[in-house]
Amino acid sequence: VWGSLNLVFLSGDLFTLYVALELLTFAGVPLVCLDGRGETLRAALRYLLFALAGWLLYLLGAVLLYGAYGTLDIALLAGLVRPEPIAWTAAALMTVGLLAKTALFPLHIWLPPAHAGAPAAGSAILSALVIKGSWFLVVRLWFDVMPSVVTFSAAQLLAALGAMAIVVGSVVALRQERLKLLVAYSTVAQIGYLFLMFPLGFDVSGTTLIHGTALDAGVLQAVSHATAKAGMFMAAGLIYTSLGHDRIADLAGVARAMPITVLAFAVAGLALMGVVPSGAYLAKKLLLDAAGESGQWWWTMVLQGGAAFTAGYMVLVLTNVFRRPSAEVVLLKRPSKLSESAALTLALCSLLLALAALGPVPANLITNPLAPKDLLSTLAVVFGGGLLALGISRRSLLVETADGAGFARRFMVAAGVAFERLDEFARRWTCASIMIMVFAGIFDWLTI
């Protein structure tokens with residue numbers, strides 16, 4: 001995986017990048033099925049086959065570009081490619097192929113079962129690094145190869161899919177009974193943030209993508225997500241190994257039995273929520289500035305509201321781990337200090353990333369997290385997340401049975417079930433296969 005990602009980040013040729021993506025997937029698939037169970041083997045094959053569909057679309061687009069312009073060198077193509085039908089078609093095919101490999105909703109058929117079956121360290125690598133390879137190729141394709149070919153309308157669709165991922169992934173995460181599946185669906189949601197930068201990266205005229213604030217924010221968001229999500233998956237894996245299960249409802253007393261592990265999980269969650277001075281906070285701040293300058297107020301609403309969903313599943317988990325257990329928690333295997341330190345270090349890296357990005361003097365983008373305005377903002381996000389957790393979670397945090405639930409709780413549970421069914425429908429092979437071709441056609445139409 002390390003070698004393939006080096007090739008992804010350093011190569012300047014679209015065909016070499018295709019080879020890098022193949023190597024990255026072939027390295028990532030075995031991580032899903034290391035335990036050899038039938039369930040994980042099926043998840044690995046699902047990942048491999050859907051990745052193959054993405055490869056074919058990407059390769060077909062590369063072939064069209066080579067036939068039209070005689071080169072696949074990124075620097076040369078940037079000067080040759082023009083807004084014409086073959087370039088529009090190639091951009092659409094390659095983009096959708098890469099979206100399938102990145103698992104952007106609704107093309108996320110492989111991600112939840114792959115993360116659920118992989119070992120914790122394997123899930124950390126898949127979520128933090130492997131999906132970033134294909135996302136980074138979308139960034140290079142749009143910003144470096146075809147900035148004058150892709151259109152503002154296509155970028156709006158890309159960000160709209162990201163917004164759908166945030167909402168659906170977060171709601172389904174709140175409906176999970178297993179901790180690792182909750183973290184997996186939070187990955188589906190967090191992937192959505194990576195695509196909000198595309199419409200915000202256009203110049204004032206809305207005709208060309210530029211290397212500006214939005215691109216910086218997207219890259220910072222990717223790094224912040226990688227470190228936080230790796231720490232979160234490792235913490236979830238330590239809990240599973242120590243208890244022999246990861247049922248959220250049965251985690252009472254874990255905070256006392258495994259304080260460092262729970263601290264790592266909580267710190268990673270705070271980093272993903274975008275509190276000061278996390279990398280996600282700075283990335284959101286930069287994206288909000290870009291949205292304000294371009295007048296795209298609708299993405300401001302998505303950026304501000306998404307943090308409440310993240311707070312929701314953090315409240316759900318932390319409420320359960322801090323509950324008083326009915327009996328003393330017995331650990332089957334106590335996690336090593338090294339494992340707990342690794343998870344906590346990764347989470348802290350994400351929480352303090354903004355300071356590293358701006359240097360020792362934070363400048364005016366970083367404010368005091370205890371200042372009244374920022375503290376109230378954080379408390380409002382946590383309060384909103386708590387309401388979402390109370391309303392949507394499968395087991396109510398306040399009442400034990402549905403009989404004691406009020407109208408609001410029943411309504412929100414019904415909405416959560418509807419989102420679960422939407423997710424199940426989207427992850428069917430028939431639906432996913434149709435959607436990948438439909439989106440290719442839509443992107444092709446929008447780039448004209």
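The values are calculated or read from the model by the stated rules, or taken from the named source; none is laboratory data. Given the structure is predicted, the values throughout are model-derived calculations rather than measurements. Glycine gets a Cβ as well: all are built from the backbone with ideal geometry, and neighbour counts include every protein chain shown. Heads up: the accessible areas ignore ligands, DNA and RNA and are worked out on the full protein's heavy atoms, side chains in. Shrake-Rupley method; radii C 1.70, N 1.55, O 1.52, S 1.80 Å.
So here's what we get for this one:
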quantity	calculated
Environment charge of LEU17, counting only residues whose C-beta is closer than 15 Å and scoring Lys/Arg +1, Asp/Glu -1	-1
Neighbourhood charge, 13 Å Cβ-Cβ cut-off, centred on GLN190 and excluding it, Lys, Arg +1 and Asp, Glu -1	+3
For ALA173, net neighbour charge (Lys/Arg +1, Asp/Glu -1) across residues whose Cβ lies under 14 Å away	+1
Candidates TRP135, TRP297, TRP55, ranked by Gaussian network fluctuation over the chain, Cα under 10 Å, top entry	TRP297
HN-Hα J in Hz across the range 20-32 - Karplus 6.51, -1.76, 1.60, θ = phi - 60°, x for Gly and Pro	4, 5, 4, 4, 5, 5, 5, 7, x, 4, x, 5, 6
HIS245-LEU60 pseudo-label distance in nm [points 7 Å out on the Cα-to-Cβ vector]	4.7
Surface accessible to a 1.4 Å probe, per residue, for the residues of the chain, Å²	41
Per-q log10 I(q)/I(0), the range 192-329, q = 0.09, 0.16, 0.20 Å⁻¹ (Debye; single scatterer per alpha-carbon; no solvent)	-0.35, -0.80, -1.06
Highest-MSF residue in the chain out of THR40, THR207, THR187 [GNM, Cα springs under 10 Å]	THR207
Other-chain or far-sequence residues with amide H under 5 Å of ARG178's (modelled H)	ILE248
More than 14 Å apart - percent of Cα-Cα pairs taken over the range 146-228	65
Highest-fluctuation residue, PRO325, PRO335, PRO199 considered, GNM on the chain with Cα pairs under 10 Å	PRO325
In order through the range 85-95: 3J(HN,Hα) via Karplus (6.51 cos²θ - 1.76 cosθ + 1.60), integer Hz, x for Gly, Pro	x, 5, 6, 4, 5, 4, 4, 5, 5, 5, 5
Tilt relative to the chain, helix 297-321 - C-alpha long axis, 0 to 90 degrees, to 10	30
Dipole magnitude (debye, nearest 20) for the chain, charges at Cβ of Lys, Arg, Asp, Glu	1200
The range 290-361: projected area of the alpha-carbon convex hull, averaged over directions, in nm²	8.4
Cα Rg, Dmax, the range 1-141, angstrom units	15.6, 50
0 to 90° range, to nearest 10: angle between helix 179-193 axis and the chain longest Cα axis	40
The range 1-73: projected area of the alpha-carbon convex hull, averaged over directions, in nm²	4.8
Under-5 Å amide H pairs with ASP13, H placed in peptide plane, nonlocal only	ILE74
Ratio of Rg to Rh over the range 70-218 (Cα coordinates, Kirkwood Rh, two decimals)	1.02
Cα gyration tensor of the chain - equivalent ellipsoid semi-axes, whole Å, descending	36, 24, 21
Amide H partners (placed H, <5 Å) of THR208, local residues excluded	ASP203
Tensor-based shape of the range 1-41 (alpha-carbon gyration tensor, a/c under 1.5 rounded, otherwise prolate or oblate)	prolate
Dipole axis of the range 15-104 (+1 Lys, Arg; -1 Asp, Glu on Cβ), positive-most option in LEU59, ALA27, THR16	ALA27
Unsatisfied cross-links (Cα-Cα over 29 Å) in the set LYS284/LYS337; LYS132/LYS285; LYS132/LYS180; LYS101/LYS337	LYS284/LYS337; LYS101/LYS337
Rounded to 10°, Cα long-axis angle of helix 213-243 versus longest principal axis of the chain	40
